[in-house]
Structure formats: structure tokens, C-alpha cells
Amino acid sequence: MLRNIIIGLVLLAAPFVIYLAVEHGQIRTVSFEEAVKLAEGKTETEQVKKIMVKGNVIVDEQHPFQLDGAMANFYMRDASMTTFYVSYDGEDPAEELRHMQSIAVAGHAHEGQPPWFHAKDIVKY
Amino acid sequence: MFGQILINFLFACAVVTTGAYFLSYRDNEVLRNVARTLFIVIFGGLLLASVLQFINIFGHDFRYFYVYNYSNTELSKPLLMATFYAGQEGSFMLWTILVSLIGVLLLPYVRRVGYESEVMSFYSLILVFLMLMMVAKNPFAYIWEHFAAEATMTTGFTPANGRGLNPLLHNLWITIHPPMLFTGFAALSVPFAFAMAGLVRRDFHRWVSISLPWTLLGTAILGFGIMLGGFWAYETLGWGGFWGWDPVENSSLIPWLVCVALVHTMLTQKKTRGLVKTNFFLAITAFILVLYSTFLTRSGVLGDTSVHSFVDPGMFAFVLLIVFMTIFGLLGYGAIVWRWKDISGERADFRMSSREFGLAMGATAILFSASTVLFGTSWPIMAEVIGQPKIDPGIAFYNKVHLPLVIIIGLVNALSLLVNWRSTGRGLFLRRLMVPLGIAAVATLIVTFFGLRDVSFIVLAFASFLSLFVNLELAVRLLRRKPKMIGAYVSHFGISLLFLGIIATASFSVMEHVRLERDMPVSALGLQFTYLGKEQVDKEFKDREKYQYHIEIASDNHKSIVKPVLYWSDYNRRQSAFLEPGIQWSLNEDVYIAPKVVEVEGESPTLSMQKLTPQPMPLDSSYTITLQRFDMSQAMGADPNASELRLGVEIEIAHGADTSRHSLYSSMATANQSWRYEPYNIPGTDYHLSLRQIVPNRSDLSRSEALIAFVDSTRPETQEREVFTVEVSIKPFINLVWLGVILMVCGFAFSIVRRIGEIRPDWEAAKADRTKASTVPESAKEHSNGVTEPSSAKDLAE
């Protein structure tokens, strides 16, 4: 009987746990401005939840694309037309991106003058 | 060089020891003696290696990459000691030493209970893998060996100073928390080895009795280590709470939860001879989860989802960790499958009105908690497998899942203690329940009256009070008659206090953001806060300007000063600030001040610039500024007799199609170390630029930064004033959390003493068995090997 009770309870509870994990384990897509707001006042020891910002890569004379080994520094413009600096140092080596290429960067913003985005993933779409 | 040779030699010894122990199964005393001696040699060798490493660290021998990478000449002695295990190589070394130390303590014990070959063969196998990890992540590698691929360093190169320790780790807790955790991890190898020995010998019950004190020891130490980490986070890291569900915290919590469940199922088996498979499974799983935890935290797979950061250990170590886990998983679970038929004969069912049923349900709830934490912690890896960005499900997920679980655990704990083993009549159960139920109901009403409104917290409070009073009543009763048996009740009482502390801090804590200007009192949360000024500390560290901000907290009849800390360091390229909270401790509540930001209001806007990265000018975005180069020709060392040092940068300003280059300088008088900025006016504008600071990036000078300030001379000048923004919170009854954990650990200590006492007769019986065995013919000995449990075990299984 003990075994049946345990199996029954686990079968009842497992979908609830999976549902919660899926609900909370989704990355939120925000504008760069919102990303900066989320990072406000965060210090080295605080956790900043990873978020995603979608937009287009900007590459021109004033906004150079710099590939530095596996890392990359470049500019992006999000849907609300905010241009911001992105520094990528994720696990996968960075690749050259072209002007106006649509991408999403996942990571978190850093406060500063001006604020910038620290990307851990680049998703092309 | 000697260190490297020693590690390789000890690895070879570990291999031979393991082989000798496996081969000594058929009562080969010679091989057993060889293995035992070698095991002690390994321990001695590891101690020698530790002494060597301490000599390297305290002697600042930066020829060694490990010493260079984690220490420097500025560190205090306790912190230098902590650098021993601050890096990956060192933490593996600490773990290995602790495993060997526990092994040396375990040796006489397993000899006494007649389990030496079986237990020590698996235990030594663990040591083999840990030693192999040390060979792969050699803590004695020279710096030129480490950078051999880059071919940038010549043999014998010695850096003048090391990189130092992460500023987050600069406090005394690092000298206690990691060693405690690793001792717990090391101790969990023991139940694994006993479980494997039990499976090999087809001894499905006795192993539980003799490994129980070790399981209790591992659980107590690991639990205490985890909570020390929580206290560290609260007291120094400024998380504001004691638990953040960070992947690294979780990864040590998971094996601990499994161990807690194991302790309960072991007790059930001891009493009823049921849950045989469960105990084998849990003892093996707890150890596998220690390995998985190490994989999560040391492999770099959760690198960007955790506040704890560990660098990538390299492909070889990464693969080794996976191999380590796979081999022990296959061995452990394979052995269970191998003995499945035999174990299945040992089945027992429990009545719902019995204590064993309650314990099994409690263990299930704890295991479900462990599974959800494991699931949540592994979620980023699963996300990556399906091509999604890694993301941690976060605090809300864990809290939502655990609230009902903790309620169940509290209720089951209380109710299971009110029933007897085997079966209990309903009347007796209800009579026992009445008093604690009534008191718990009244206590819950009182806390509800004082403002507890959340229904789930009210239910949790009721469950915790019920558990608290049931355990208190039983503990008081036992204290008079059988004080030896008080351990479990003290532990449960502690856990109930911990739950109540969590409810109190989660429900009654209040928080407010406060902006403090110097000498101007600000009222918040019924208290008055005054920022009195700042004081520079840790001046010996050149990578930071660390300040303590003195804040006076005044209430009607009491004044005190707390000193939160906030600073920026080159260590993280000044990307985000480091902080330490200021806490006014008291028995019933803490006033917790977490610094957020220090701003100079009225200050000119500034821009932090890296080389060749154009940025729009803060005052007028039609201008773009690019830092071209640093001019350090007049910096320190250029002229030793100079009365002034000058730092400079060359910038390019673009405005439409026009570009021009300009130099900015700031100088420091060597006599009084005062800085003077040399403003530069952009021709044809009212904008003035000045160089405020150069922030060197020591790991990559090309990524150093210059801080440039901008002034619009047409705007009226405002007086600069420092504003310190803090998050003030009052945390009532947080001490219940710490007291609860201390009581829980004390309870474990009582239980360990009790269980060792229970084993004592077994030692004598095993000794008698050995004496008897030594007098029987060789053929008879062989016949008895690998057969069911020894005669003495049956008497002791109860």
C-alpha cells in the first residue's frame, strides 16, 4: 500500500512541478530600457535574472563590430529604437554579424554611462 | 616539481591500494595489510602535499600557477590559508585529503565490525578518482607550464605578485564554510562504501546499523556547512536573506536532503527490516549526487546562472567528472540490479497507523523536495540541450514547490512521532494528539492575531507549531528517563524553529529604500538613520578603494553605528559593485542595511571608455568620442624624482563629418597625493572634458578604462554632495533560523553518540567472529566468504 500511495502522490505532484518549472524557466523578452531597469542597483553578489533583448545589429563607422577571439563587442538597436552596446562572452565562440541582422541577445544589462548589455547567448532568427 | 611527483606517486598508491583491497576479499590478510599500509601512506603523502602547498602559498611562490592565480602578497594569513582551496585544484585537493582523513578514521572501525576489505575497496576507489582529478588539475603546476600553449613565458619566470583572491571571499567565513562542506561531501563516501559492501556480501541489514553513525555524521556536517553558507550570505554578501536558491547552494542541498531521507529510512529498516532496496538506492544516490553537485559547480555548465563563479576546468577535467559519475553510477545501481532478486525477498509493508509508515511518508516528502531542487538546478542544462538560452527557474519556482512540501514535512513529523512502531490504536493516537494540537492551534491563532495573513503561511505555522510541541513534549519526557535518545527530538525541534524563523522573516520583515546625505537624519521603519561619513579600509589592496560607510541607527532609547561596505574593484573590471551589509543584531530582530549605490549628486556626467569603442557624449549625443590611446609617459616610474605624476589619454571627437584628436591629462602631487584635473575645452563649444580616472584591467591592459567627466560651462554650477542609497530592512526573529540549525546539528550529535553506543556490542561480536575464523581451516573460511550476514548481525539488526 505504501508503494501505491507514494507512486500516486508523485504522479499527482510531478505535472505541477513541471508546469511551474516551465512557467518560471522561460526567458523574458524585454526592451533594453527595461533590462537596464531590472539591473538598477544590483551589485556583484546579487542575482540578476537572465533576460532577452531582440533587435538588429548596427554596424557602421561609428558602431564598429569588434571580434576579439571568442568574444564580440558590437551595437544593437531594439524595437523602441534604443541603440546600445553589447559585449558578448558566452560559451559558443562569437561569429561575425552583419548590419541590420536580426538577433536576440540573452544576458543582463549593466548600469553605467551609458548602460550596456552583457550577453551570454546570441540567438539568430 | 616534488609536489607533482608526489601527487603522481600517491595516485599510483591509491590504484594499488584499491586493487589490493579488492583482491583481499577472500580473507587474504597479507594483501589487506599491504592495502591498509598504503592507505595510511596516501594520507601521509597528502598531508605532506598540503604542507608543501601551504609553504608555497605563505612563501608567495608565484612560480606556481595556483599560488599566482588565487593569492597575492596583500592577503592576511587567514585568507592566505583559505587560498589553499579557493580554486578548483585546491578544492579537489582539500576534498581528497578529507576523504583520506575520514578513511584513516574509518579503518579501525571497519576492522572492528569485520567489513574492512569490502568497504575500503570501494572507499579507496573513490580516492583513486579524486587523485586522478588532482593529477588532471595539478595544484603544483608551474606558471610557464600552464601557459605553455601560448609560449609567452620562459621556464623559471616568477611574477612579482599574484592575481589575488576574489574580493567576495575576503572574510573569515571562507575559512570555515568550504572545509565544512567538503568534510560533509567526504563523509558521504562512507554510506556509499558500506552500501556497496552490503550488496557484495549479501548483507542487506547489518550494513545499515554499522553505517548509520557515519551517515548521521555526514548529514550533520553537510547540513551545518550549508547553513554556514547561508549565514555567510546573510552576514557578509548582503543577499538580504539566508537562502537564494542559487545553483551552487542547491547542489549541496540536494545530497543533504537525500541523506536526511536516508537517515529516516535506515532507522525504519533497523526497526522493521523493511525499505531494504530504498536504503541501498539512497546511500548510493547521495554519493552520486555529491559527484553531480561537483560536476554542476566545477564543470562550468552553470557558469552564467550562478552568483558563485568557477572557471571552466578544461575539457579533460570535464570529461573526467562525467566518467567519475558514470562509473560510480553504473557500479552502484548495477550492484542493486545484480542483487535485485535477493533483496526483493526482503519486502515489508507498513500499516498506516505505524511510525514506519509516517517515516516513509516523511522521507518521500524530503526526497520529492530533493528531486524538485535537482530538476530546477538542472533546468538550465536541459534548456541548453533543446537549444534554448540557459536560464535558472529562479526563487519563485522553488518557493512555490516547497511551501506545500514543508507543510507536509511538518505535519508528518509531528504525527509520526505520536504513533508506535508496527501499529497504534486510534484512541491512543488521539489522546496523544490532543494537547500538542490544542497548543499549536492557540499559538497559530496568536501569530495570526499579530499579523500573519497569508493562508499558506498560517497552515505552515500550524504544522511547525504542532511539530515543535510534539517534539518538545517527547524530548522533555525522554530527558528524565532516557536522555541518550533525545537526539532526534532535538533535531526536529530545531527544524520546527527553523520553519518558524522562515515564516517570521518572510511575513513580518519590512523594507524601505533610504537615501542618506551626510549628517542629515532620515526616518524610516520607525528608526532614524544618519550617515556620518566614510572610512577607507583594506588600503593594502591596490585593486580597490574600499570604504566603510558609518551609519547611526537611533531609536527612542538606543543608538548604534553599523558599517556597511560598498566598493568597486579591478577584479571584475569594475563592472558591478561589491557590498557588505551593516547589521544591528538583537535577540528579537535585526536591522539590516544593504548598501545599494553611492552617488555624487550635482556631479558632472561621466563616461567610462575602453580603447577604440566610440560612445556618444553625455551632454550632446551629436558628438561621438573614441578613446584612442593611454599616455602613461609621465606616470609613476617614468621619473622617480618628479613631484607630480601625470596620466593622459588621447581621444578622438567626431561631430558630423569633422573629426579631431585631443589629449586630456590629470595629475597627482606626490607630496600629498591630491589629484588635479586639467579641463579641456572642445574648440567652438562650451563643453569641457577632464580625465578623472584610469582603471587598469590587469588581466588585459588593452581593456583598461578611462573615466572622463563632461561639464557644460553655460549651466550653473551645483555643489557636489555624496548620497548613499541603502535598503533598510527589519528582520524579526531571524535568530530562530540560526538557533534552529544549531539545535538540528546538536540533535545529530546526540544521535551519533547513541548509535555508536548501539554498535559497540557488534565490535565485540565481530572480534569474536574473527578469532573464530582464524582457527577454522582455510577451506571453511572460503566457504563462509560472500555468504549472508554473520551470526552476530541478526541480533543487532534491531
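General remarks:
- Counts of other chain beta carbons within 10 angstrom of each beta carbon in peptide B:356-366 average 2.
- Taking B:THR714, B:THR158 and ordering them by how much accessible surface each has at a 1.4 Å probe, largest first, produces B:THR714, B:THR158.
- Length available on full extension from B:ARG629 to B:LYS482: 0.36 nm per residue minus the Cα-Cα distance, which gives 45.1 nm.
- In terms of its Cα atoms, the protein assembly as shown spans 104, 71, 55 Å along the principal axes, sorted from long to short.
- Using the alpha-carbon positions of the range B:349-481, Rg (one decimal) and Dmax (whole number) come out as 18.7, 62 Å.
- Sorting the Cα pairs of the range B:137-203 by distance into bins of 5 Å, from 0 upward, gives 3, 12, 11, 12, 11, 12, 11, 11, 7, 6, 3, 1 percent per bin.
- Peptide A:115-123 - average C-beta neighbours from other chains (10 Å radius): 3
- With one equal scatterer per alpha carbon and no solvent term, the Debye-computed log10 I(q)/I(0) for the range B:168-344 at 0.10, 0.15, 0.18 1/Å reads -0.43, -0.87, -1.11.
- Using only Cα coordinates, the Kirkwood hydrodynamic radius of the range A:1-80 works out to 16.9 Å.
- The figure for B:VAL135 is an accessible area of roughly 50 square angstrom, using a 1.4 Å probe on the protein chains alone.
- Taking the square roots of 5 times each eigenvalue of the Cα gyration tensor of the range B:430-517, largest first, gives ellipsoid semi-axes of 32, 17, 8 Å.
- By accessible area with a 1.4 Å probe, ligands and nucleic acids excluded, highest first: order of B:ASP349, B:ASP246, B:ASP27: B:ASP349, B:ASP27, B:ASP246
- Under the simplified labelling scheme, the A:GLU33-B:ASP658 pair shows an inter-label distance of 3.2 nm, with each label point 7 Å from Cα along Cα→Cβ.
- Legend: residues in the range A:70-113 shielded by at least 40 square angstrom of accessible surface upon adding the remaining protein chains to the isolated chain (1.4 Å probe, heavy atoms) are A:TYR75, A:GLU91, A:HIS110, A:GLN113.
- Net charge in the neighbourhood of B:TYR677 (other residues with Cβ under 12 Å of its Cβ; Lys, Arg +1, Asp, Glu -1) is +2.
- Between B:HIS550 and B:ASP27, the FRET efficiency from the beta-carbon distance, with R0 = 60 Å, is close to 0.25.
- A Cβ-based charge dipole, computed about the Cα centre of chain B with Lys and Arg at +1 and Asp and Glu at -1, lands at about 4180 debye.
- Between B:SER344 and B:LEU105, the contour length at 0.36 nm per residue exceeds the Cα-Cα span by 82.7 nm.
- Between the amide H of B:ARG163 and those of B:ASN69, B:TYR70, B:SER71, distances stay under 5 Å, these residues lying 5 or more places away or on another chain, with hydrogens modeled in the peptide plane.
- Averaged over peptide B:612-618, the number of partner chain Cβ atoms lying within 10 Å of each residue's Cβ comes to 4.
- For the range A:28-124, the equivalent ellipsoid built from the Cα gyration tensor has semi-axes of 20, 15, 12 Å, listed from largest to smallest.
- √(5λ) per eigenvalue of the Cα gyration tensor, chain B, largest first, Å: 56, 36, 21
- Extension gain from B:LYS542 to B:PHE58, taking 0.36 nm per residue of separation minus the Cα-Cα distance: 172.3 nm
- List B:CYS13, B:CYS746, ordered by accessible area with a 1.4 Å probe, largest first: B:CYS746, B:CYS13
- Which listed pairs, of B:LYS277/B:LYS341; B:LYS137/B:LYS390; A:LYS50/B:LYS546, have C-alpha distances above 18 Å, in listed order: B:LYS137/B:LYS390; A:LYS50/B:LYS546
- For B:ARG518 and B:ILE756, the FRET efficiency from 1/(1 + (r/R0)^6), where r spans their Cβ atoms and R0 equals 56 Å, is about 0.40.
- Solvent accessible area, Å² - B:PHE462, 1.4 Å probe, full protein context: 60 Å²
- Peptide ranges B:124-131, B:256-263 listed from the most packed, as the mean C-beta count within 10 angstrom indicates: B:256-263, B:124-131
The values are calculated or read from the model by the stated rules, or taken from the named source; none is laboratory data. Computed from a predicted model, the values in this text were never measured in an experiment. Because the Cβ atoms are built from the backbone with ideal geometry, glycine has one as well, and the counts that use them run over all protein chains shown. Side chains are part of the model used for accessible areas, which takes the heavy atoms of the whole protein and leaves out ligands, DNA and RNA. Shrake-Rupley method; radii C 1.70, N 1.55, O 1.52, S 1.80 Å.
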